[in-house]
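What follows is a single structure, written as structure tokens, with notes after it.
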There are 6 protein chains.
Amino acid sequence: MSSLSDATREKFKSISTATVATCLFKKGLKNQFIQGVKPLQKGRPNMVGEAFTLRYIPAREDLNPITVFKDKNHPQRVAVEQCPEGSVMVIDSRKDARAASAGSILVTRLMVRGSAGIVTDGGFRDSAEIAALDFSSYHHTPSAPTNLTLHQALDINVPIGCGDVAVFPGDVILGDDDGVMVIPAHLADEVAEECTEMTLFENFVLEQVQNGKSIVGLYPLTDEKIRSEFGVWKEGK
Amino acid sequence: MSSLSDATREKFKSISTATVATCLFKKGLKNQFIQGVKPLQKGRPNMVGEAFTLRYIPAREDLNPITVFKDKNHPQRVAVEQCPEGSVMVIDSRKDARAASAGSILVTRLMVRGSAGIVTDGGFRDSAEIAALDFSSYHHTPSAPTNLTLHQALDINVPIGCGDVAVFPGDVILGDDDGVMVIPAHLADEVAEECTEMTLFENFVLEQVQNGKSIVGLYPLTDEKIRSEFGVWKEGK
Amino acid sequence: MSSLSDATREKFKSISTATVATCLFKKGLKNQFIQGVKPLQKGRPNMVGEAFTLRYIPAREDLNPITVFKDKNHPQRVAVEQCPEGSVMVIDSRKDARAASAGSILVTRLMVRGSAGIVTDGGFRDSAEIAALDFSSYHHTPSAPTNLTLHQALDINVPIGCGDVAVFPGDVILGDDDGVMVIPAHLADEVAEECTEMTLFENFVLEQVQNGKSIVGLYPLTDEKIRSEFGVWKEGK
Amino acid sequence: MSSLSDATREKFKSISTATVATCLFKKGLKNQFIQGVKPLQKGRPNMVGEAFTLRYIPAREDLNPITVFKDKNHPQRVAVEQCPEGSVMVIDSRKDARAASAGSILVTRLMVRGSAGIVTDGGFRDSAEIAALDFSSYHHTPSAPTNLTLHQALDINVPIGCGDVAVFPGDVILGDDDGVMVIPAHLADEVAEECTEMTLFENFVLEQVQNGKSIVGLYPLTDEKIRSEFGVWKEGK
Amino acid sequence: MSSLSDATREKFKSISTATVATCLFKKGLKNQFIQGVKPLQKGRPNMVGEAFTLRYIPAREDLNPITVFKDKNHPQRVAVEQCPEGSVMVIDSRKDARAASAGSILVTRLMVRGSAGIVTDGGFRDSAEIAALDFSSYHHTPSAPTNLTLHQALDINVPIGCGDVAVFPGDVILGDDDGVMVIPAHLADEVAEECTEMTLFENFVLEQVQNGKSIVGLYPLTDEKIRSEFGVWKEGK
Amino acid sequence: MSSLSDATREKFKSISTATVATCLFKKGLKNQFIQGVKPLQKGRPNMVGEAFTLRYIPAREDLNPITVFKDKNHPQRVAVEQCPEGSVMVIDSRKDARAASAGSILVTRLMVRGSAGIVTDGGFRDSAEIAALDFSSYHHTPSAPTNLTLHQALDINVPIGCGDVAVFPGDVILGDDDGVMVIPAHLADEVAEECTEMTLFENFVLEQVQNGKSIVGLYPLTDEKIRSEFGVWKEGK
């Protein structure tokens, strides 16, 4: 059973990672932005889903010949077949993009299975093919070498680090063009709710600024007159 | 009063950062290219303007709650409202893009106020929105977290470092797709003049090379015959 | 005389760097992907050619005034005029992109002379112009400063390091959107042959996955039924 | 007038940076340890003093010839002559140790004038001579080049960043073999007081552990029996 | 039951990490040296023991208040009390030394409990105290902040990465002044045996070289005359 | 024939790298300090000698099995046997210390042959043994893995980069506890001469400062009274 309700998932589709970052900052969580990753394709809809994690450790040569994938239980392949619909696969590649975390075949399989996206703090191979999919993907930089070169897939769905952020299975993962935020599962509904309000206000502010208004008193909102204008504006939406 | 004349500003619009870098190299200034920044949108017209600087220091938690922006005198907000028309805001973010230097609302406000562009050696949030503006912006990488997470805005229009380059208020800032050059104020007219000449010659060279000429004797110009051809070509322009 | 046959060159045009990386991994060569470089323009046809190398060392100021280029024997200029048709120029810039490795004039000259592409583990200036050429180019990041600022061209066509990979003159250089692989000259035919087969199979797999097939038994191919399906599919091509 | 009382200064002489770090962590200040610096000489008494700051920006060649030091008002030299007795000079070298922040002559002068120590997030030249002084000094790594190579001294006693930490003039600087902590001025007395208590307890714990006691219930102190033993032990001191 | 026999443990006490590295290189294992760590105290006897691992992930603020240590089941404290006699605790700190991995109290407890040493790819606090113990310890650099600042202890004795090397529980950990090697458990006896031989030969070579012999024919041993001299020398030992 | 006269060599033995750095800075050479290296043993006499260089490129696995050293012509071994008496071997290890540049046997051989020292921008294995020799050695950090893991020795005595500095065979290499300076061969006599004067003056300054004199007017020397005192002091030496 998913802890991410449809309503909350829907809200996150219209909320930016920047807004969520500010919301979590106010709650004392200042380190939820995955550092060093970017979307393979810009301008896509938000990526929203629960974290399904995969942990890599450094590869030892004798344990990682090309033949390991013949093992039906190889964690990387198992993870791809188990990642629940609507989830985001998040891979702990130890910020090492010198070899790939995965390639287009596995990412396509994830897409077909209904995953909501994939994030690695390493890199993907076949990056052009992955970027062309109707699927959200985030990495550090393209990387042609097979993952066996430097990574051994070890654990499925355990707490990991990704881009210097703690990711627990079930955390809500939100991605846009700025990058990826990790929202602790127990805060997801609350954050979605608050951020919807914040987004409304930010839209108002942006409209005012585009119309030539100063940010003084407006952003943040300290001027009472503007506050009532916002009230009216909000009504109109 | 601006030290950047309209004529010089106009000239810089047709000069590349590469040409300026070579010109300053000849004058003994070898470290005027802001390292580690790139345009949020490629293919825009050159960014040209005088530097208006903003200095950040690392954020101490007790001094940087979300409420600080309620202070009308917060340096970041004051800077945005004071940056003169035609100037480029240059932010010293200590090359730390783990939190944002600013977001789309402030950048939009700068644009509306007539600023010529913005540069940080950190990162911007709302990067897709900023990239979509008709406004030049340069950073290291997108970054969703609010600036309060890691940065405290401190000083307005003091000499700073940005991307390992010294930036003095009033220096001329030139940006194209390669990145951003800092031209000392007192050299601006002279550099614009010399680079206009250099650009003319480079255009000639490029045309020759496209037509199959060897670079020997042409680039640099050591062949007398080619020199006179250049003379003729130049006349023709 | 070129060691890269037309047939092999042709094959590499349809093979990805990822496939080559896996092929070389199987042969015990795990470090042939040039780290830290990317194409200036995405979506181009593969870059294929033999390596023609250029070695830079750090620039000493007294040896690198702007006037050095007046010397017809300056190694950078000589290299550009000597790089054989169909070859890829590979520059050892010591992974230092703080100054340019070359600019649009030299790269255009290379293109006109029939070179197959250019790679540096530093950066190019005039990057927008280079990206607009019908020519493959790879670097770390744009960089406006003239190469004399930090680099002194020293040797032509000696073994070098580029992006932490050994590059010997004559090695086959293959580039796509993931980046650049270095294929030892003596393995080029064999790798092209094997990778053509691998690519065929990967195309089959991708088609199956797009059609909803699980990767179990398919990738890698351990299921006998799928194996015979592949046989049939292959016949059909 | 100094805000650091003699009593508090004295207390800090027996408190470790680790203890202070934990104390500040409890108060919500998690980023007060200057990253990347180490003592030039290990095993010295604690360094304790108020911060007197010096800000460097990147050096522009024309502003930093060797002759600048002939100016009696050069900020680096002025700072050395103005740094109050008992203060610690803290230099913002932008974490760049490729050129020196200062050398043995200036550091010796600081020592003779009664300064309590010096910290840079860059490097010192004449490091062997500085290490031999009866004076506390911290840097990243030795560096022979004169500071003019990369640094221009600009501001005296303004808020700075040093090793990714905000340092305000008057903050208390504490150094031991682990490195350097920055204690906000207004918290100095309180932190010194609390840490004195914490240190007492840690000494008790260490003694117990050395005698073979388990840390369970002891560290942290959750066992009531041990709590009363600590009470007795404390009495005995 | 330990898989590291007393005989093998004893042999490793006279074998250097360099010799082991060469031995493993010959067996195709080229990535067993933990990168980026050094001993807190030089000149100690070799550290030898089986790996007992501890995995950290990035700390999330709400899960890591100072009070967590009151939990008797906190993995860091449990690990210290469970680490078997003769084992080496190896901590995966994700190469992040900005906060401590542990401090002198826990390390002292480990020592008293008979552990053979401790390794982290992060840093220790109380580094002077730890260095003064009769106990082997390796880290990247001292770090005063409590581990809660950046690390959350999560798993005990699972496979981890440490300094870019895979470490499996039970692997043999060997440390000397060069750093730390990880020897796969199943190879320990064989490596100890071969390295004892190699060490004998290296001692002979060093003696010859100190006496003025050329390395030609001697190192490696290709000269038959020297081979028989080595035979005689070996007899004499 | 050596270009480094006995007289000049002798002078450099009493000159610091810091003084040389300032002297070369005045001559426009600002990048002659090898970045990122330190002595394996502090407190040794200055290292002085002409550069004898060795160039490494990245190792390709098939070209670098352990057996390559059986080849009497392997460049690393040849270099050790050819390095002239009184010279300093300088190795271009591409700033990569993840594998060793050399170990104690080769370094001992160099010492016995009369070399003046060794520098690598990588690391040495057997670092404790090397540090114990009566021989100057500089590296980045200890590294146990054999050089074959990452390095292939290629060229002897060609111009190289080492720690971001150009090193030409015959340049004078000067090392002290701050690190290593590279003095262009044609400037060696002149630099030694000027630095001897500068050192005399610095000694005078240091004596004055130790005696409580202000640096104003003294350092640099702008006060005429102090100038004449220096004259007298100098006479006395």
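Quick notes on this structure:
- Here the 3J(HN,Hα) profile of the range E:42-59, calculated from phi with Karplus coefficients 6.51, -1.76 and 1.60 at θ = phi - 60°, is 7, x, 7, x, 3, 8, 9, x, 7, 6, 10, 9, 9, 10, 9, 10, x, 7 Hz, Gly and Pro shown as x.
- The H on the amide N of B:A102, modeled in the peptide plane, is under 5 Å from the matching H of B:R125, each at least 5 residues off or on a different chain.
- For A:P58, net neighbour charge (Lys/Arg +1, Asp/Glu -1) across residues whose Cβ lies under 15 Å away: +1
- For the range B:59-94, applying the loop criterion from DSSP together with a ceiling of 15 other beta carbons within 10 Å to the GluC sites (Glu not before Pro) yields B:E85.
- Gyration tensor (alpha-carbon) shape descriptor, the range F:191-236, a/c threshold 1.5: prolate
- Remark on F:G117: its backbone amide H falls under 5 Å from those of F:M89, a criterion applied only to residues 5 or more positions apart or on other chains, H modelled at 1.01 Å from N.
- Sequence-distant aspartates and glutamates (8 or more away, or on other chains) whose Cα lies within less than 14 Å of B:K30: B:D164, C:E61, C:D62, D:E61, D:D62
- Exposure proxy order (Cβ contacts within 10 Å, fewest to most) of B:D177, F:D121: B:D177, F:D121
- Summed residue charge, Cβ within 14 Å of C:G114's Cβ, Lys/Arg positive, Asp/Glu negative: -1
- FRET efficiency, 1/(1 + (r/R0)^6) with R0 45 Å, evaluated for E:K70 and D:E10 via beta carbons: 0.90
- The phi torsions of the range E:121-133, fed into the Karplus equation with coefficients 6.51, -1.76 and 1.60 and a -60° offset, translate into couplings of 8, x, x, 9, 8, 6, 5, 5, 5, 5, 4, 7, 6 Hz, rounded to whole numbers, with Gly and Pro shown as x.
- Label-zone membership for the range B:48-62, site B:Q82, 7 angstrom Cα→C-beta point, backbone N under 16 Å: B:51-57
- Inter-copy separations for F:E224, label at 7 Å along Cα-Cβ, nm, ascending: 5.6, 7.3, 8.6, 8.6, 10.7
- Note on the range A:90-237: Lys pairs 8 or more places apart or on different chains, Cα atoms under 26 Å apart, count 5.
- Each DSSP beta bridge with both residues in the protein assembly as shown is either parallel or antiparallel, and the antiparallel ones are about 60%.
- Largest-first ellipsoid semi-axes for the protein assembly as shown, taking √(5λ) over the Cα gyration tensor eigenvalues, angstrom: 42, 41, 41
- Lys, Arg +1 and Asp, Glu -1 on Cβ, resulting dipole of the protein assembly as shown about Cα centre, debye, nearest 20: 0
- Neighbours of A:L40 by Cβ distance under 15 Å: Lys/Arg scored +1, Asp/Glu scored -1, total -4.
- Taking every alpha-carbon pair within the range F:6-185, the share separated by more than 22 Å comes to 38 percent.
- For residues of E:17-28, the mean tally of beta carbons on other chains within 10 Å: 6
- Chain B: most fluctuating residue of B:Q210, B:Q82, B:Q152 per GNM, C-alpha cutoff 10 Å: B:Q210
- Chain F - share of DSSP beta bridges that are antiparallel (%, nearest 5): 60
- Amide hydrogen neighbours beyond the local backbone of A:G49, cut-off 5 Å, H modeled: A:I173
- The mean sequence separation of alpha-carbon pairs under 8 Å and at least six residues apart, normalised by the residue count of chain D, gives a relative contact order of 29 percent.
- Dipole moment magnitude, nearest 20 debye, the range D:101-237 about Cα centre, only Lys, Arg, Asp, Glu C-beta charged: 340
None of the figures in this text is laboratory data; all of them are computed from the coordinates on show. Because the structure is a prediction, the values reported are computed rather than measured. Cβ coordinates were reconstructed from backbone atoms using ideal geometry, including for glycine residues, and neighbour counts include every protein chain displayed.
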